[in-house]
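Read through the structure below, which is laid out as structure tokens, and then see the notes.
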Amino acid sequence: MASPRADTTSKIILSGSDLHRVVDRIAHQILEKTSGATGTVLLGIPTRGVPLAQRLAARIHAFEDIDVPVGSLDITLYRDDLRLHATRALGKTELPGGGIDGRRVILVDDVLFSGRTVRAALDALNDVGRPSSVQLAVLVDRGHRQLPIRADYVGKNIPTALSESVRVSLTETDGLDEVNLTGAPGGEA
Amino acid sequence: MIKHLRSAADLDAATATLILDTAAEMAALAGREVKKLPTLRGRTVVNLFYEDSTRTRISFEAAAKRLSADVINFSAKGSSVSKGESLKDTALTLQAMGADAVVIRHSASGAPHRLASWVDGSVINAGDGTHEHPTQALLDAYTMRSRLGRLDGLKVAIVGDVLHSRVARSNVLLLSTLGAQVTLVGPPTLIPVDIAAALEPKTKVSYDLDSVLPDMDVVMMLRVQTERMQDSYFPSAREYSRRYGLDLARMRKLPEHAIVMHPGPMNRGMEITPEVADSSRSTIVEQVANGVSARMAVLYLLLGGKA
């Protein structure tokens, strides 16, 4: 049963300052797990993974004065659900100078859900080079995986119902920093 | 997204811009070691060519293959067409084989429109008679945008045999949609009366190339269709070349930033001299490379989503 818009519950999961702290923590974890981020490249998945990757790089620079190359990896052409939707516009793919061969690539995305986006990103990576290893950093893990994929760095685990949706807003793309959970839990969407 | 690309008039400004933006991403992918993308896996693209063509057919084939589509090449020579099979029967055969897209080149204007009513897949016009060649216009617009940074407000001269040129017609339509100002230049016998009214009212016409050049951002030279020479549209090849050919002296009249385009195949020494064709202002080779990117964009946008 469709509920009127006004009745839709919307809950703030992360406020702007929460979000900044979470990004700081992931930046520290990356430094820790990669022994100072040597030979590491951050690749954001458009749209919101790209500013997140840039923020992580900026924080890593602020903490340890290390410059981590940042790029973007569009996965649209590798999606497995292209035929289920109207044609999607492509995002930008920009690899940092020096490419990704032999480096540790950390994929950055806003929400980890079914895992299909990450699967597509792994396929796309395969066509642009051969990284020595691939890791995954996400701002929010909302569960409901459909593929055997897990994240190495998670900002926040949010238990959700399938009918709910997680909305990440970032200043660069949406004008403010916030993460919302919308939709009635248990109710039919 | 539209289903067919039969005419440049099928495209509004937003759709045309989306195709050019997509082409830019496709061009970026062309620099990679692995150029193949899995996007159109399992889709079938038929190249149905009733007229000879080198670059357009190869370009469409390369574009479809880079997107992993299965490509079937059909040329009228050596097929049942030479046994008298009609376009409709050929279309029904393709339909039965399950073609997701048919790329058609035909000597009859309007053949793609008829074909679209017989097949379920998308129809892409790769040149029909003296009517249209929309993907050429897209790759030309893409080339202008990547060289000059914009299309809105650009001044473009299309020079030569406008009467028989499908490239000219598609370019007038698309460039006007995207905000460029087109001037058609050529001998009066080769510029149809009332073409501006018929195609796009903003279009200007001039019979004097020299007076037009200083004001242009782009000069697009059309091929003189030598197969039509016996029809006396102009007195001699030499006279045509003197009045409407682009040589170094004429090229110097262009502003510093202006570019010279030609859809190919060229008659060197006729509408364009070799020095101009090989100069740094010429985008002729670039146009061929951009053709693959533009056609990948069209195939992706027509076939990539839900049918």
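Here, each number is a calculation from the coordinates, and none is a lab measurement. Computed from a predicted structure; not experimentally measured. FYI the Cβ positions are ideal-geometry reconstructions off the backbone, even for glycines, and counts take in every protein chain you see.
Taking 20 Å as the cut-off for C-alpha to C-alpha distance, list the pairs among B:LYS155/B:LYS253; A:LYS33/A:LYS156; B:LYS3/B:LYS306; A:LYS92/B:LYS65; B:LYS3/B:LYS36; B:LYS35/B:LYS65 that go past it. Before the final figure, lay out each step's value.
Details: B:LYS155/B:LYS253 15 Å; A:LYS33/A:LYS156 18 Å; B:LYS3/B:LYS306 11 Å; A:LYS92/B:LYS65 22 Å; B:LYS3/B:LYS36 24 Å; B:LYS35/B:LYS65 10 Å.
Listed pairs above 20 Å: A:LYS92/B:LYS65; B:LYS3/B:LYS36.
Each of B:PRO187, B:LEU20, B:VAL46 was placed along the dipole of chain B (beta-carbon charges, centred on the mean Cα), and the one lying farthest toward the positive end is B:VAL46. With the charge dipole of chain A set up from +1 on Lys and Arg Cβ and -1 on Asp and Glu Cβ about the Cα centre, the Cα lying farthest toward the positive end among the listed residues A:THR182, A:ILE30, A:LEU43 is that of A:THR182.
Take peptides B:116-124, A:170-178 and line them up by average Cβ neighbours within 10 Å, highest first, as a rough protection proxy.
On the way: B:116-124: 19.4, A:170-178: 14.7.
Sorting B:116-124, A:170-178 by mean packing, highest first, produces B:116-124, A:170-178.
For chain B, a simple Cβ point-charge model (Lys and Arg +1, Asp and Glu -1, everything else neutral) yields a dipole of about 540 debye relative to the Cα centre.
By other beta-carbon atoms within 10 Å, ranking A:TYR78, B:TYR244, B:TYR233 with the fewest at the front produces B:TYR233, A:TYR78, B:TYR244. Hey, what D do you get for chain A in µm²/s if you plug the Kirkwood alpha-carbon radius into Stokes-Einstein at 20 °C and 1.002 mPa s? In µm²/s, the coefficient is 124. Report, to the nearest 10°, how far helix B:87-97 tilts away from the longest principal axis of the Cα atoms in chain B, using its own Cα long axis and a range of 0 to 90°. Taking the Cα atoms of chain B, the angle to B:87-97 is about 50 degrees.
Percent relative contact order of chain B, based on C-alpha pairs within less than 8 angstrom and at least six residues apart?
21
In this Cβ point-charge picture (+1 for Lys and Arg, -1 for Asp and Glu), chain A has a dipole of about 360 debye about its Cα centre.
In the distance distribution for the range B:9-139, Cα-Cα pairs more than 22 Å apart total 38 percent. Each Cα pair under 8 Å and six or more residues apart adds its sequence gap; the mean of these over the residue count of chain A is a relative contact order of 25 percent.
In the range A:90-148, how does Rg compare with the Kirkwood Rh, expressed as the Rg/Rh ratio over alpha carbon atoms?
Numbers: Rg = 12.2 Å, Rh = 12.4 Å.
Reported Rg/Rh, Kirkwood definition of Rh: 0.98.
For the range B:134-283, the relative contact order works out to 24 percent when only alpha carbon pairs closer than 8 Å and six or more residues apart are counted.
Taking A:ARG83, A:ARG48, A:ARG167 as the candidate residues, the one with maximal mean-square fluctuation in a Gaussian network model of chain A, Cα springs under 10 Å, is A:ARG83. Screening chain A for whole DSSP H helices with an alpha carbon extent of at least 15 angstrom along the helix axis and a mean Kyte-Doolittle hydropathy of at least 1.0 yields nothing.
To the nearest ten degrees, helix B:13-29 and the longest principal axis of the Cα atoms of chain B are 80 degrees apart. Per residue and in cubic angstrom, what volume does the convex hull of the Cα atoms of the protein assembly as shown have? Each residue corresponds to 186 Å³ of Cα convex hull volume.
Neighbouring Cβ atoms from other chains, within 10 Å of the Cβ of residues in B:294-305, number 3 on average. Past the 36 angstrom mark, what percentage of all C-alpha to C-alpha distances in chain B do you count? Summing the P(r) of chain B above 36 Å gives 16 percent of all pairs.
Using the alpha carbons alone, the radius of gyration of the range B:134-283 stands to its Kirkwood radius in an Rg to Rh ratio of 0.92. Between 0 and 90 degrees, the angle of helix B:55-66 with respect to the longest Cα principal axis of chain B falls at about 40 degrees.
For peptide A:81-90, what's the mean number of Cβ atoms from other chains within 10 Å of each residue's Cβ? Intermediate values should be presented prior to the final figure.
Numbers: counts 1, 9, 7, 2, 3, 4, 10, 5, 5, 13.
Mean partner-chain Cβ count within 10 Å for A:81-90: 6.
With loop defined by DSSP as not H, G, I, E or B, and exposure as at most 15 other Cβ atoms within 10 Å, which is the longest segment of chain B clear of exposed GluC sites (Glu not before Pro)? All intermediate terms of the calculation are to be shown ahead of the outcome.
Numbers: sites that count: B:GLU33, B:GLU85, B:GLU256.
Here the longest segment lacking exposed loop sites spans B:86-255.
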